[in-house]
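The values are calculated or read from the model by the stated rules, or taken from the named source; none is laboratory data. Source: prediction; values computed, not measured. Glycine gets a Cβ as well: all are built from the backbone with ideal geometry, and neighbour counts include every protein chain shown.
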Amino acid sequence: MRKGLEKLATEVAQPGRIDGKSVKTIQGVADSFHRLRVGDYRVMYDIIEEAHVLLILGIVHRGELERWLRNR
């Protein structure tokens, strides 16, 4: 998990989009955010570019992901 988060922080600091199958943008009704796959866990995060901030919204086991999204 730590390696995945460190890699994410490094990639977010670089200009441009993060590529790869492990990152996906989740489009919601009210907002959108990103999902990073790390083993059996999903890291939900958002990027606030103006402030240079990587905001971790949650770290969820893949079996609990749908419930987490519904309750958000």
Legend entry - Test: residue in the range 56-64 that is charged (D, E, K, R), touching a Lys or Arg at 6+ places or on another chain (Cβ under 8 Å) and in a strand (DSSP E or B): no
Inset, instruction - Tell me, please, whether a residue that is at pLDDT below 90 and of a type outside the set (G, A, S) can be found in the range 56-65. - result: no
Inset, instruction - With respect to I26, determine if the residue is assigned to a strand (DSSP E or B) and either modelled with pLDDT under 85 or loosely packed, with under 11 Cβ neighbours inside 10 Å (or both). - result: yes
Legend entry - Qualifying residues in the range 38-50 (those that are over 14 Å from A9 (Cα atoms) and free of Cβ contacts under 8 Å to residues at least 24 places away in the same chain) - the one surrounded by the fewest Cβ atoms within 10 Å (Cβ to Cβ): E50
Inset, instruction - Within the range 29-53, work out how many residues are among the small types (G, A, S) and modelled with pLDDT of 90 or more. - result: 1
Inset, instruction - Kindly indicate whether any position in the range 5-16 is free of Cβ contacts under 8 Å to residues at least 24 places away in the same chain and part of a strand (DSSP E or B). - result: no
